[in-house]
Amino acid sequence: MSEAIRGSASNDARSVTHRRPTIVRTIADLRAKVARFRADGETVALVPTMGALHDGHLSLVEEASRRATRVVVSIFVNPTQFAPHEDFQTYPRTEAADVAKLSDFATDVVFAPSALEMYPLGNATRIEVAGPANGLETDFRPHFFGGVATIVGKLLIACAPDVAIFGEKDYQQLAVVRRMATDLGLPVTIVGGTTVREADGLAMSSRNAYLSAEERAVAPRLAVEMNRVAAVARARGDVAAACAAAADALLAAGFRQIDYVTVRNATTLAAPSGEAGEPLRVLMAAWLGKTRLIDNAGV
Ligand code: PAF
């Protein structure tokens, strides 16, 4: 067990753990750390992040500490999941503040490698997932899931955790990671963490920081419309009409462009089969000024 006092699931982890995690920069050092944990009979949970941590990430860390005795948080802004025109250069890099936040949580190790550590010179290997990676985000960000699957695969191989936690906020990403872990036979349990929302319903995201004050006031409308579509889908109403009405309402509220508003099979992300009892998920992505927001909800 860690040197710090760990809270039980019912405790608020903020109030029980105050300890700086060890920062590790190389895969070899991460493996050595994890090997020592294993030698002590401990279990390991990994929370992969790109940093700029907010309460949504911290809730994933809390979930990790409920599921394993040791917690590793990775902080790596992964270049391969950004297209050249996207915000890789400007993506917030706040390692010192992130580590300070994690000190209030049950984090044992922060793995913060360089790009060269994760992508050695001459690297030529990429993991591509089809199935749940098809459509939705891929229609607008075709490079994205190849980059995510590649870095998550590398992180899972480097850390070899018992469990890895990913936010449901990026629901398609979670489905893609699950598929990849199953297909590659990785000995890890993939867990989805519930989306954490601001008081007005906006899903927490590092990119919310890009919103102007005016846009921030409009942004919660995404969740309002999402919940309307979910209610129609739950009642097995006219989902296509509900999605179209949601898109119109968002445009009228000030959103610039709607990439998708749709209801899919919650596991495969394929179009619903219509079978009774099929698990469904509402997924949406829309632009507010220069910021692209995504959200999703269970039906
Ligand atoms: O969700 C994220 O922050 C990233 O896509 C992830 C999973 C850390 C991979 O870079």
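Below, the figures for the structure above:
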item: Amide H within-cut-off set for Gly167, under 5 Å, with H built and near neighbours excluded; result: Gly193
item: Cα coordinate range in the range 11-118, projected on the principal axes (Å, largest first); result: 44, 31, 20
item: Once the Cα gyration tensor of the range 257-299 is diagonalised, semi-axes √(5λ) in Å; result: 25, 8, 6
item: Potential lengthening between Ala39 and Arg25 on full extension [0.36 nm per residue; Cα-Cα distance subtracted]; result: 2.9 nm
item: Residues with amide H under 5 Å from that of Leu288, placed H, sequence gap 5 or more; result: Arg256, Leu293
item: Calculated P(r) tail over 35 Å for the chain, as whole % of Cα pairs; result: 20 percent
item: Cα pair distances in the range 153-272, grouped into 5 Å bins until the bin that holds the longest one, percent each; result: 2, 10, 15, 18, 18, 14, 10, 8, 4, 0
item: Relative contact order computed over the chain (Cα-Cα under 8 Å; 6+ residues apart), in percent; result: 16 percent
item: Highest-first arrangement of 66-72, 230-236, 77-83, 90-96, where packing means the average Cβ count within 10 Å; result: 66-72, 77-83, 230-236, 90-96
item: Segment Asn134-Thr268, extension gain: residue separation times 0.36 nm, minus the distance between their alpha carbons; result: 47.3 nm
item: Kirkwood hydrodynamic radius of the range 122-186, Cα pairs, Å; result: 12.2 Å
item: Kirkwood Rh, Cα atoms: Rg over Rh of the range 231-295; result: 1.02
item: Residue-by-residue Karplus 3J(HN,Hα) for the range 192-205, coefficients 6.51, -1.76, 1.60, Hz, glycine and proline x; result: x, x, 4, 5, 9, 10, 5, 4, 8, x, 5, 5, 5, 7
item: Values of log10 I(q)/I(0), in the order q = 0.15, 0.21, 0.22, 0.27 Å⁻¹, for the range 192-260 under a Debye, Cα-only, solvent-free model; result: -0.54, -0.97, -1.03, -1.25
item: Under-5 Å amide H pairs with Thr189, H placed in peptide plane, nonlocal only; result: Val163, Ala164
item: Normalised alpha carbon radius of gyration of the range 64-125 [divisor 2.2 N^0.38 Å]; result: 1.36
item: Rg/Rg_ref, the range 57-166, where Rg_ref = 2.2 N^0.38 Å and atoms are Cα; result: 1.15
item: 20 °C / 1.002 mPa s Stokes-Einstein diffusion coefficient of the range 89-152, Kirkwood radius on C-alpha pairs, µm²/s; result: 146 µm²/s
item: Only Lys, Arg (+1) and Asp, Glu (-1) charged, at Cβ; the chain dipole about Cα centre in debye; result: 420 debye
item: Long-range tail of P(r) for the range 159-223 (Cα pairs > 18 Å, %); result: 48 percent
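Any read-out appearing in this document is the output of simple, stated calculations on the displayed coordinates, not a laboratory observation. The structure presented is a predicted model; accordingly, all values stated were derived computationally and were not measured. Ideal geometry is used to build each Cβ from the backbone, glycine not excepted, and the neighbour counts take in all protein chains shown.
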